[in-house]
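Undergrad: Sharing a structure with you now.
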Amino acid sequence: MDERLLAERLITYDTSTVDGLRAAAGFVKGWLGSRDVDVVDSEHEGLPVITADVGAGEASDAPTVILHGHLDVVPGHDEQFEPRVEGDRLIGRGAYDMKGALAAMMCAVRDAAEQDAVRVRLVCVPDEETDESDSTQALVEAGLRANFAITGEPTDLHIGVQAKGVLAFRLRVEGTAAHGSTPWLGDNAILKALDAFRAIESLPFSRESSDLFDRPSINLARILGGDALNKVPDACFVDIDVRYLPGQDAGAILAEIRALDDVEVVRTFIRAPAIVSRTDPYVGSLRDAVGAAVQGEVLSVGRDGASDAVSFLQAGIPAVEFGPVGGGHHGPHEWVSIASLVRYREALGAFFGRLPASLAGQAPLRAVDGGPA
């Protein structure tokens, strides 16, 4: 089974549900196991987690590389779990984010089983798309370690060396109730919440930029307000998703928001931005391997979306985002380039092949970005 057929099979599982996640994880385990890859399955908060190791043994001093993927997807319509092909495009929920990449990673792991110079560990998690569970963080806290990690988030065969952070929060906005026939006697909390969102969009932090990002992103994700048709709502909750820039401070952003009139921040979720040095030797080796498949600069990529790469970075493990070509993730016409799946698998294989020689050629001392030699 090649990467395209494998991706098609993975798309058929509705992994926005627990049952779909369990079925898909069982398929991943069975596919790897039938190809003589040692697989360990476990659970995190009732959801399946798959890990597999090939290549150099654990006792070896060979470099260890994690290939990190996630099975879960955002909810979709039934027809989105019926993959179809249009030209070079494989279309379906999760094709780009990130079942296509996961399929190619699984094939790359099988390929890497034929060598013993690099230890390759596949980590397949069920909860990257949610803020209610974090199995990657739990694995790292439990001792999961490597010299380098690649998470297969969408990057169009470029290497993501930065990703925005996440500041998600819920606002409570107070109003004054009145009869629905006389709205001028009340103070509509839903309308005030919309005004508060527009005010947040114009706060100073929203106009800042960096070398890889022209601005933060601010999304009004959910509105919860009103309890009767014939009543002016006196309370409203809104959930807002801010993706803030490397170099910005989530606490400072919250301070700007809390200074607004008539709003209360009642819940927050924060994930730090991801930043890895362009001069890291593993990043350089991956860049050289990818360079054969992509014309032009492959490193200067900043990802608007967050990923589990930050869990590795916070543990001192250099990590990047690197995935195939596609588009429309989380949208109705999500797709991944079939040809890019082949190049993606080949790039991973080339990276494993050149890594030992690349590391052997490193000087004993290297300059640290922003610091002394």
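Undergrad: Need at least 3 residues that are under 19 Å from LEU139 (Cα atoms) and without any contact (Cβ under 8 Å) to a residue 60 or more places away in the chain per element, so show me which strands (runs of 3 or more DSSP E) inside segment 1-112 make the cut, counting only ones lying wholly within it.
TA: Numbers: elements: 38-44, 47-55, 64-70, 84-86, 89-91.
By residue number, 38-44.
Undergrad: So which pairs qualify, if the first residue must be in segment 235-260 and in contact (Cβ under 8 Å) with a residue 24 or more places away in the chain and surrounded by fewer than 19 Cβ atoms within 10 Å (Cβ to Cβ), the second must be of a type in the set (Ser, Thr, Tyr) and not in a strand (DSSP E or B), the Cβ gap must be under 8 Å, and the two must be at least 6 apart or on different chains?
TA: Once the first residue is in contact (Cβ under 8 Å) with a residue 24 or more places away in the chain and surrounded by fewer than 19 Cβ atoms within 10 Å (Cβ to Cβ) and sits in segment 235-260, its partners that are of a type in the set (Ser, Thr, Tyr) and not in a strand (DSSP E or B) give PRO246/SER210; GLY247/SER210.
Undergrad: Further question on the same structure: When only residues in segment 85-100 that are within 11 Å of ILE11 (Cβ to Cβ) and charged (D, E, K, R) count, which is surrounded by the most Cβ atoms within 10 Å (Cβ to Cβ)?
TA: By that ranking, first place goes to LYS99.
Undergrad: Next question. Restrict the check to segment 174-188 and report whether at least one residue is in contact with a Gly (Cβ under 7 Å, 6 or more places away or on another chain), charged (D, E, K, R) and touching a residue at least 12 places away in the same chain (Cβ under 8 Å).
TA: Of all residues in segment 174-188, those in contact with a Gly (Cβ under 7 Å, 6 or more places away or on another chain) come to 175-178, 186-188.
Filter once more, so that each one left must be charged (D, E, K, R): 187.
This time we only want the ones that are touching a residue at least 12 places away in the same chain (Cβ under 8 Å), so: 187.
The answer is yes; a qualifying residue exists.
Undergrad: For GLU346, all conditions in the list (1) farther than 28 Å from VAL74 by Cβ; (2) modelled with pLDDT under 85; (3) charged (D, E, K, R) hold save one; what is the number of the exception?
TA: Single failed check for GLU346: (2).
Undergrad: How many residues are of a type in the set (Gly, Ala, Ser) and either modelled with pLDDT under 80 or part of a loop (DSSP other than H, G, I, E, B) (or both) if we restrict to segment 278-301? It would help to see each step written out before you state the result.
TA: Here is the first cut: in segment 278-301, the residues of a type in the set (Gly, Ala, Ser) are 284-285, 289, 291-293, 296, 300.
Right, trim to either modelled with pLDDT under 80 or part of a loop (DSSP other than H, G, I, E, B) (or both) and you get 292-293, 296, 300.
Count: 4.
Undergrad: With at pLDDT below 95 and more than 12 Å from PHE169 (Cβ to Cβ) as the only criterion, which of ILE275, ILE270, ILE223 stands out? It would help to see each step written out before you state the result.
TA: Working: ILE270 fails: more than 12 Å from PHE169 (Cβ to Cβ); ILE223 fails: at pLDDT below 95.
Checking each option against the conditions leaves just ILE275.
Undergrad: Report yes if SER340 is within 30 Å of VAL85 (Cα to Cα) and not in a helix (DSSP H, G or I), otherwise no. Break it down into steps so the answer makes sense when it comes.
TA: Working: within 30 Å of VAL85 (Cα to Cα): yes; not in a helix (DSSP H, G or I): no.
So SER340 does not fit the description; no.
Undergrad: Let me ask something else about it. Condition first: among the acidic types (Asp, Glu) and in contact with a Leu (Cβ under 9 Å, 6 or more places away or on another chain). Now tell me which residues in segment 58-105 satisfy that.
TA: Keep residues of segment 58-105 that are among the acidic types (Asp, Glu), which gives 58, 61, 72, 78-79, 82, 86, 88, 97.
Passing the criteria: only ASP72.
Undergrad: Same structure again: Of everything in segment 208-220, what is surrounded by fewer than 14 Cβ atoms within 10 Å (Cβ to Cβ) and at pLDDT 95 or above? Give them in sequence order.
TA: Within segment 208-220, just ASN219 meets the criteria.
Undergrad: Answer yes if at least one residue in segment 26-33 is crowded, with 21+ Cβ neighbours inside 10 Å and of a type outside the set (A, V, I, L, M, F, W, C), and no otherwise. Reasoning before the result, please.
TA: Restricting attention to segment 26-33, the residues satisfying the condition of being crowded, with 21+ Cβ neighbours inside 10 Å are 28, 32.
From what is left, the residues that are of a type outside the set (A, V, I, L, M, F, W, C) are none.
The answer is no, given that none of the residues of segment 26-33 is crowded, with 21+ Cβ neighbours inside 10 Å and of a type outside the set (A, V, I, L, M, F, W, C).
Undergrad: Any residue at all in segment 2-17 that's at pLDDT below 95 and over 18 Å from THR130 (Cα atoms)?
TA: Restricting attention to segment 2-17, the residues satisfying the condition of being at pLDDT below 95 are 2.
Still in the running and over 18 Å from THR130 (Cα atoms): 2.
Yes, segment 2-17 contains a residue that is at pLDDT below 95 and over 18 Å from THR130 (Cα atoms).
The values are calculated or read from the model by the stated rules, or taken from the named source; none is laboratory data. Just so we're clear, the structure is a prediction, and the values are computed from it rather than from any experiment. Cβ atoms come from the backbone with ideal geometry, glycine included; neighbour counts cover every protein chain shown.
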